[in-house]
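Data first, discussion second: the structure below is written as structure tokens.
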Amino acid sequence: MSELSVEHLLGIKYLKSSDIDIIFKTADHFKEVINRPIKKVPSLRDITIANLFFENSTRTKLSFELAEKRLSADVINFSASQSSVKKGETLIDTVNNILAMKVDIVVMRHASVGSGVFLSRHVDAKIINAGDGTHEHPTQALLDSYSIREKLGNVKGKKIVIIGDILHSRVALSNIFALQLQGAKVKVCGPTTLIPKYISSLGVEVENNLKKALEWCDVANVLRVQHERMDIKYFPSTREYTQLFGINQEILDNLGKKIVIMHPGPINRGVEITSDVADSNDSIILNQVENGVAVRMAVIYLLAQQVKR
């Protein structure tokens, strides 16, 4: 099997298109594995992985843990809310204490932008970024692209619109990098206050009209509004946001064409997307969840091959 060009998965911006191809081919194999009656392989029996989550997470943490266990790795789970971090211990001290237990791979989510890069320079372990602040969330972008490829056959040449809170979203930034690397066209859509100023420098068009954005795209990736990251009001009310940028079945029926609906979760039903859309045949939201395990298995497996040498 081919090797990745990187030693860690810190962000999509560090990857080449060949890396994405390798990850997806490996994920194809693991997708087949997790659909067997026995869903486990002994590939990483001698590898120890620490999941360090300094921010709350349910889906990503569960997905990583399941991926690790499917590969037969030994797993340590670390939650900052119950740790010495609360007592003032530094990130490096925390990680070095865990590495003293002979950990090979660290999966980390942290509120600080660049925390994964910082860690990779100071500790002797493979680092997988499970989300750093409002910066990147590379495995989410990989599973999103993998799901588009599975549904439409290819990502290249497809038109994808990312709708919602772009400003606070690490999913949006990683998706933009991943989709462009694979030759897709990307637009963003949302309130002007939730579109970052730098977006045009990434070669991404802004469309403030939801109907026009949906008429243009093949795929709509819908993001929730991240109220927990907001210290000011970015729009008048949730009701107004839903009226302007919420997707319901009536809007989709009036398009005159089928589009694929995605959402990284958690969904605020009735705000950015209605239940009938989220649960419809056009939605691949549950496919994204399943593919998340296969893609994370692929990333962990490929980085572990470098550990084993």
Distance in nm between pseudo-label sites at S275 and T238 (7 Å out along the Cβ direction from Cα): 1.5 nm
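At 0.36 nm per residue, minus the direct Cα-Cα distance, what do R59 and H122 gain on full extension? Give it in nm, one decimal, please.
Values: separation 63, 0.36 × 63 = 22.68 nm, distance 2.82 nm.
Full-extension gain reported as 19.9 nm.
Given 0.36 nm per residue, what is the gain on full extension from N97 to N77 after removing their alpha carbon distance, in nm? Don't skip to the answer; put the middle values down first.
On the way: separation 20, 0.36 × 20 = 7.20 nm, distance 1.36 nm.
5.8 nm is the gain from fully extending N97 to N77.
At a 10 angstrom cut-off on C-beta neighbours, averaged per residue, how do the peptides 277-284, 17-24, 198-205, 216-223 rank from highest to lowest?
Taking the mean over residues of other Cβ atoms within 10 Å, the ranking is 216-223, 17-24, 277-284, 198-205.
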Relative to the longest principal axis of the chain, what angle (0 to 90°, nearest 10) does the C-alpha long axis of helix 285-308 take? 30 degrees
Cut-off 17 Å, label 7 Å out along Cα→Cβ of N268, residues of segment 164-193 by amide N: 164-172, 189-193
Given a Förster distance of 41 Å, report the FRET efficiency between L255 and S112 from their Cβ-Cβ distance, rounded to the nearest 0.05. 0.50
Which peptide among 246-253, 296-303, 175-182, 3-10 comes first, and what is the full order, when sorted by highest mean count of other Cβ atoms within 10 Å? 296-303, 175-182, 3-10, 246-253
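Quick one, what does Rg over Rh come out to for segment 138-285 if you take C-alpha atoms and the Kirkwood Rh? Don't skip to the end; give the middle numbers.
Numbers: Rg = 14.1 Å, Rh = 15.2 Å.
Radius of gyration relative to Kirkwood radius: 0.92.
Beyond a 24 Å Cα-Cα separation, which of these cross-linked pairs lie in this structure: K126/K151; K187/K258; K13/K69?
Values: K126/K151 32 Å; K187/K258 18 Å; K13/K69 28 Å.
Where the Cα-Cα span goes over 24 Å, the pairs concerned are K126/K151; K13/K69.
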For helix 138-152, report the angle its Cα long axis makes with the longest principal axis of the Cα atoms of the chain; keep it between 0 and 90° and round to the nearest 10°. 60 degrees
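Could you calculate the contour length gain from D46 to K156, that is, 0.36 nm times the residue separation minus the distance between their Cα atoms, to one decimal place in nm? Write out the running numbers ahead of the final one.
Numbers: separation 110, 0.36 × 110 = 39.60 nm, distance 3.76 nm.
Between D46 and K156, full extension yields an extra 35.8 nm.
Let me spell out the model: positive unit charges on the Cβ of Lys and Arg, negative unit charges on the Cβ of Asp and Glu, origin at the Cα centre of segment 138-285. What dipole size does that give, in debye rounded to 20?
Details: 18 positive and 16 negative charges, 86 e Å.
Using Cβ point charges on Lys, Arg, Asp and Glu, segment 138-285 gives about 420 debye.
Where a number appears in this text, it was derived from the coordinates with a stated rule and is not lab data. Note that this is a predicted model, so its numbers are computed, not measured. All Cβ positions, glycine included, derive from the backbone under ideal geometry; neighbour counts span all protein chains shown.
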